[in-house]
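Q: Please read through the structure below; I'll follow up with questions.
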Amino acid sequence: MTEIVDAIRVLTGIPGTSGDEGKVRSAIIEMIAPYADEIQTDPLGNLIVFKKGKATPKNRILYCAHMDEVGFIITHIEDSGLLRFAPVGGIDSRVVVGKAVEVGENRLRGVIGTKAMHHQDEKEREEAVPLDKLFIDIGAKDKTDALAYVSPGGRAVFYSEFREFGDGCILSKALDDRAGCALLVQLIKSELPYDSWFAFTVQEETGCTGAVTAGYAAAPDISIVVEATTASDIAGVSADKQVCALGKGPVISFMDKGAVYDAGLYSLALKTAKENGIPAQPKSGVFGGNDSRSLQTARDGARILAVSLPCRYIHSPSNMLCADDIGRTYELLFELNGNLQEL
């Protein structure tokens, strides 16, 4: 467990918006190099890994997690030196005002701002400020000064330090899906029952692009996407809308907005969890989406399963996970490796 959390700590500290995952990929390669049997990077930037197990399976298995995080791309620099931007991935404008960010290759600190409350009219005060009305302030005195540090096309990510707090919780940006990446890293380090392929994909947050080519290259019979999914187990949300809850183990999906999951795999995951005393929970609703929709149709197609970590405040600077859920998700993924040949 400690080893997985340490990997999460490292990976969440690296900026890597969609299309700019190179530093994350390099860190993962360093972590897995002594344990993997084959490592390759495709032209799109996906990391494709093969790990020899104790036996060769009849069903070719692919575990998948995405490397990219939501963030921002600089679109224009004002004469004042303020930076205009667009979102990279789905970000709620209500979670960004006043938040610290890191900008560009030099990880320059900045803050997302808008005009002061006393300058807003009554209607503006009642509504969330649209992202295209916000700006990033890096403290530049003018446009020339700002251009010395950043240019249009540069990236920015939330600045958020990794923290352990409360009763076994962790808090950070980019837990979606660096936590999934860390789980795959741990599986690669493990003595697996069967040969397995792993894909650390790019550009999931902007359309699940990387999984298309990763699925084609690995040609799996079974694809297991390891994700973080929204947990709304908080005050003011009715039980039927909470989707999943922290502390109740990995989340198994039957359907989301992008895919209908294989019924046999869904049942097998819940059965495997029960037989091994691993708490697990169905994703109680049809929400969101992930790389599964691309893997399902790549090449000759694949049977798909999503095993997710319940995560509060996803796509914000302060994603929240329960450490026990991380350990239980690893246990389920490992045990599934030995049971997938039943299908």
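Q: Since Y35 meets every condition but one in (1) of a type in the set (S, T, Y); (2) assigned to a strand (DSSP E or B); (3) under 24 Å from S223 (Cα atoms), which condition does it not meet?
A: (2)
Q: Another one. Can you pull out the residues in the stretch 163-178 that are surrounded by 23 or more Cβ atoms within 10 Å (Cβ to Cβ) and either hydrophobic (A, V, I, L, M, F, W, C) or not in a helix (DSSP H, G or I) (or both)?
A: Taking the stretch 163-178 as the starting set, the residues that turn out to be surrounded by 23 or more Cβ atoms within 10 Å (Cβ to Cβ) are 172-178.
Listed by number, the residues that qualify are S172, K173, A174, L175.
Q: Do the conditions hold for I14, that is, is it assigned to a helix (DSSP H, G or I) and buried (at least 19 other Cβ atoms within 10 Å of the Cβ)? Give the derivation first.
A: On the way: assigned to a helix (DSSP H, G or I): no; buried (at least 19 other Cβ atoms within 10 Å of the Cβ): yes.
Criteria not met by I14.
Q: If you don't mind, another one. Given (1) without any contact (Cβ under 8 Å) to a residue 60 or more places away in the chain; (2) in a strand (DSSP E or B), identify the lone condition not met by G207.
A: (2)
Q: Give just the number: which of (1) in contact with a strand residue (DSSP E or B) (Cβ under 6 Å, 6 or more places away or on another chain); (2) hydroxyl-bearing (S, T, Y); (3) more than 27 Å from G215 (Cα to Cα) does S18 not satisfy?
A: Here S18 meets the rest and fails (3).
Q: Same structure, new question: For the stretch 284-291, does any single residue satisfy the condition of being surrounded by fewer than 23 Cβ atoms within 10 Å (Cβ to Cβ), within 19 Å of A65 (Cα to Cα) and of a type outside the set (A, V, I, L, M, F, W, C)? Full working, then the answer.
A: Residues of the stretch 284-291 that are surrounded by fewer than 23 Cβ atoms within 10 Å (Cβ to Cβ), as a first pass: 284-289.
Filter once more, so that each one left must be within 19 Å of A65 (Cα to Cα): 287-289.
Okay, now just the ones that are also of a type outside the set (A, V, I, L, M, F, W, C), so 288-289.
Yes: the stretch 284-291 contains one or more residues that are surrounded by fewer than 23 Cβ atoms within 10 Å (Cβ to Cβ), within 19 Å of A65 (Cα to Cα) and of a type outside the set (A, V, I, L, M, F, W, C).
Q: Given the structure, is R328 in contact with a Gly (Cβ under 7 Å, 6 or more places away or on another chain) and part of a helix (DSSP H, G or I)?
A: Numbers: in contact with a Gly (Cβ under 7 Å, 6 or more places away or on another chain): yes; part of a helix (DSSP H, G or I): yes.
Yes, satisfied.
Q: What are the pairs, 6+ residues apart or on separate chains, where a residue within the stretch 229-243 that is under 14 Å from L309 (Cβ atoms) and at pLDDT 80 or above has its Cβ under 9 Å from a residue that is crowded, with 18+ Cβ neighbours inside 10 Å and basic (K, R)?
A: Going by the 9 Å Cβ cut-off, the qualifying pairs are T229/K283; T230/R312; A231/R312; D233/R312; V243/K283.
Q: Identify all residues within the stretch 331-343 that are in a helix (DSSP H, G or I) and touching a helix residue (DSSP H, G or I) at 6+ places or on another chain (Cβ under 8 Å); write none if there are none. Before you say what the answer is, go through the steps one by one.
A: Filtering the stretch 331-343 down to residues in a helix (DSSP H, G or I) leaves 331-342.
If the condition is that a residue be in a helix (DSSP H, G or I) and touching a helix residue (DSSP H, G or I) at 6+ places or on another chain (Cβ under 8 Å), then L332, L333, F334, E335, L336, N337, N339, L340, E342 are the ones that fit.
Q: Can you name every residue in the stretch 234-264 that is more than 23 Å from L343 (Cα to Cα), in contact with a helix residue (DSSP H, G or I) (Cβ under 9 Å, 6 or more places away or on another chain) and surrounded by 15 or more Cβ atoms within 10 Å (Cβ to Cβ)? So that I can check it myself, show each step before the final result.
A: Residues of the stretch 234-264 that are more than 23 Å from L343 (Cα to Cα), as a first pass: 234-249, 257-258.
Now narrow it down to the ones that are in contact with a helix residue (DSSP H, G or I) (Cβ under 9 Å, 6 or more places away or on another chain): 246-249, 257-258.
Once the filter is applied, which keeps residues that are more than 23 Å from L343 (Cα to Cα), in contact with a helix residue (DSSP H, G or I) (Cβ under 9 Å, 6 or more places away or on another chain) and surrounded by 15 or more Cβ atoms within 10 Å (Cβ to Cβ), the stretch 234-264 yields L246, G247, K248, G249, G258.
Q: Follow-up question, since we're still on this one. Look at the stretch 271-283 and say how many of its residues are modelled with pLDDT of 95 or more, crowded, with 17+ Cβ neighbours inside 10 Å and not hydroxyl-bearing (S, T, Y).
A: Number of matching residues: 4.
Q: Would you point out which residue out of V101, V70, V96 is in contact with a strand residue (DSSP E or B) (Cβ under 9 Å, 6 or more places away or on another chain), at pLDDT below 95 and crowded, with 18+ Cβ neighbours inside 10 Å?
A: Values: V101 fails: at pLDDT below 95; V70 fails: at pLDDT below 95.
After applying the criteria, what remains is V96.
Q: Pairs, please: C-beta under 6 Å, at least 6 apart or cross-chain, first residue on the phi > 0 side of the Ramachandran plot and in the stretch 31-54, second at pLDDT 95 or above?
A: G45/E21; G45/V202
The values are calculated or read from the model by the stated rules, or taken from the named source; none is laboratory data. Keep in mind that this is a model prediction, so the values were computed, not measured. Every residue, glycine as well, gets a Cβ built from its backbone with ideal geometry; the counts of neighbours run over all protein chains shown.
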